[in-house]
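Input: a single structure, listed below in C-alpha cells.
The values are calculated or read from the model by the stated rules, or taken from the named source; none is laboratory data. This is a predicted model, so every value here is computed, not measured. With ideal geometry, Cβ positions are generated from the backbone for all residues, glycine too; neighbour counts draw on all protein chains shown. The protein model used for the area step is the full one, side chains on, heavy atoms only, and it has no ligands, DNA or RNA in it. Shrake-Rupley method; radii C 1.70, N 1.55, O 1.52, S 1.80 Å.
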Amino acid sequence: MRNACKKKVLYCGIIIIVLIIFLHPDMNARRSYEYIEKELIPDTLYEETAVNFTSSAILECDYHDVLFDDTTLSDSLVDGDLIEGHRIREGGEFSPSDCKPKFSTAVIVPYRDRAEQLRGFLVYMHMFLRRQSIHYRIFVVEQVDTRPFNRAKLLNIGALAAMRAGYPCLVLHDVDLLPLRPANLYACTKCPRHMSSSINKFRFVLPYLNLFGGAIAITSHQYKTINGMSNEYFGWGGEDDDLYARMESEELKMCRFEPENSRYHMMSHKSQHTGDRRKQVVKYEKNGISDDGLKNLKYTEVATVLHPLFTHIMVDL
Ligand code: NGS
C-alpha cells in the first residue's frame with residue numbers, strides 16, 4: 001500500500017515537471033518568435049541574379065507555388081541517388097530551363113572530415129533546390145590543416161569565392177542540416193535571414209532569440225558591410241553570436257520565416273572541441289568591425305576542384 005502511494009506521488013511529480021517545462025512562458029516565447037507572414041514574403045525577397053547570368057527562357061519564374069508548398073520532405077532522402085538527367089553543371093551549379101529565375105544563390109558549406117554526411121547533404125540539397133526554380137551553386141570549403149575547425153573563416157573564404165563569381169546572395173549552411181520544407185525558399189530577403197529556426201535536435205523550438213547560426217541567408221552587399229565574420233574563432237561555438245553582434249552594430253535587423261516552414265533535420269555527428277573565444281562577450285561599436293573579417297582574411301588555397309555536384313575549395317588556414 002505504501003509503495004503504491006509513493007508511486008502515485010512520483011507520477012504526479014513527473015507530470016507537474018513536464019507541465020512546467022512545456023507551459024513555461026519562456027518556452028512559448030521562443031516558440032512564437034516574430035516572423036514574416038507568408039503572404040508578405042514576396043515583398044521582402046531580394047531579387048537579383050548573378051552578374052553575367054543569362055537564361056534563354058522568356059517567362060520569369062513564379063515563386064508563389066514554392067512559398068505555399070505545404071509538403072514536408074523526409075530526411076531519409078539522403079540515402080537516395082540523384083535522378084537521371086538532373087542537368088546540374090560541373091561545380092554544382094543549376095538553373096531552371098523552363099523559366100528565367102529571379103534569384104542567384106551561393107550555398108556555402110564549411111567542411112572537414114565528414115565524407116558520408118557530405119554525400120547525403122549534396123544529394124538531398126540538389127533534389128531540394130532544383131524544385132525551387134532558382135539559379136544556385138554549392139561551394140564546399142574544406143579546412144585541410146589540423147588546427148581546430150574554424151567555421152567562420154571557411155565561410156569568409158567561400159563568400160569571397162561566391163562574390164568573385166558574381167553571386168548577390170549567400171546562404172551560409174552547416175553540412176549536417178537538411179531543410180524539410182520546400183517552402184523555405186533559398187533566396188535572400190532584404191533583411192538577413194535566420195533560416196534554421198526549427199531544428200529537430202531542439203524539438204523544433206528556437207533555443208534563444210538571437211541565435212543566428214546553422215543556415216542563414218545574407219546578401220553579398222550586407223556581408224561586405226559587416227566585414228564578413230570573425231577569423232578568430234577556432235573550435236566550436238560563438239562565431240555565430242559574433243556575426244549577430246556585427247549585424248547589430250550596423251543596425252541590420254534579422255528576420256525569419258514561420259517555424260513550420262523553417263524546419264530542419266540535423267544529421268547526427270560527434271561533438272566538436274569547444275573553442276577558447278566562445279565565451280568572450282562580443283559587442284561592436286558602430287563601424288568598429290574594420291580589422292577582423294573579410295578585409296584581413298589570410299589563408300592558402302591548396303586547390304579548387306569542380307566536382308559534378310559542388311565546387312570544392314581546399315584551404316590551409
Ligand atoms: C550557443 C553557441 C552558438 C551555437 C548555439 C547552438 O551556445 O555558437 O549554441 O548550437 N554560442 C556559444 O557557444 C557562445 S548547436 O547546438 O546548434 O550546435 O550556434
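Within the range 193-211, if we keep just the residues that are under 20 Å from R151 (Cα atoms) and more than 8 Å from the ligand (Cβ to nearest atom), the residue that is surrounded by the fewest Cβ atoms within 10 Å (Cβ to Cβ) turns out to be N210.
Would you check if there is a residue in the range 81-103 being among the polar types (S, T, N, Q) and open to solvent by less than 40 Å² (accessible area, probe 1.4 Å)? Looking for residues that are among the polar types (S, T, N, Q) and open to solvent by less than 40 Å² (accessible area, probe 1.4 Å), one finds at least one in the range 81-103, hence yes. When the residues of the range 212-238 are filtered to those that are open to solvent by 30 Å² or more (accessible area, probe 1.4 Å) and either within 16 Å of the chain's Cα centre (by Cα) or of a type outside the set (D, E, K, R) (or both), the one that is nearest to the ligand (Cβ to nearest atom) is W236.
Name the residue that is nearest to the ligand (Cβ to nearest atom), counting only residues in the range 284-303 that are open to solvent by 100 Å² or more (accessible area, probe 1.4 Å) and modelled with pLDDT of 75 or more.
So the residue we want is D291.
Every condition in (1) open to solvent by 10 Å² or more (accessible area, probe 1.4 Å); (2) under 30 Å from S74 (Cβ atoms) holds for N261 except the one numbered (1).
Checked against (1) of a type in the set (S, T, N, Q); (2) more than 16 Å from the ligand (Cβ to nearest atom); (3) modelled with pLDDT of 95 or more, S262 passes all but a single condition, namely (2). A Cβ distance below 8 Å, combined with a sequence gap of six or more or placement on separate chains, defines the contacts here; from the range 213-231, residues that are free of Cβ contacts under 8 Å to residues at least 60 places away in the same chain and closer than 10 Å to I289 by Cβ reach residues that are of a type outside the set (G, A, S) and open to solvent by 10 Å² or more (accessible area, probe 1.4 Å) in the pairs T225/E250; T225/L252. Looking across S74, S95, one residue alone is closer than 26 Å to L155 by Cβ and of a type outside the set (K, R). It is S95.
Just so you know, in the range 133-163 the residues that are farther than 29 Å from D69 by Cα and out of contact with any strand residue (DSSP E or B) (no Cβ under 7 Å at 6 or more places or on another chain) include one that is most open to solvent (accessible area, probe 1.4 Å), and it is T146.
Does any residue of the range 56-77 turn out to be open to solvent by less than 40 Å² (accessible area, probe 1.4 Å), assigned to a helix (DSSP H, G or I) and either over 28 Å from A161 (Cβ atoms) or among the charged types (D, E, K, R) (or both)? Yes: one or more hits. Filtering R246, R256 for residues that are within 27 Å of S74 (Cα to Cα), more than 12 Å from the ligand (Cβ to nearest atom) and surrounded by 14 or more Cβ atoms within 10 Å (Cβ to Cβ) leaves a single hit, R256.
For D241, the conditions (1) away from the ligand (no atom under 14 Å from the Cβ); (2) modelled with pLDDT of 90 or more; (3) open to solvent by less than 80 Å² (accessible area, probe 1.4 Å) are fulfilled apart from (1).
Of the numbered criteria (1) surrounded by fewer than 21 Cβ atoms within 10 Å (Cβ to Cβ); (2) within 16 Å of the ligand (Cβ to nearest atom); (3) within 16 Å of the chain's Cα centre (by Cα), the one H173 fails is (1).
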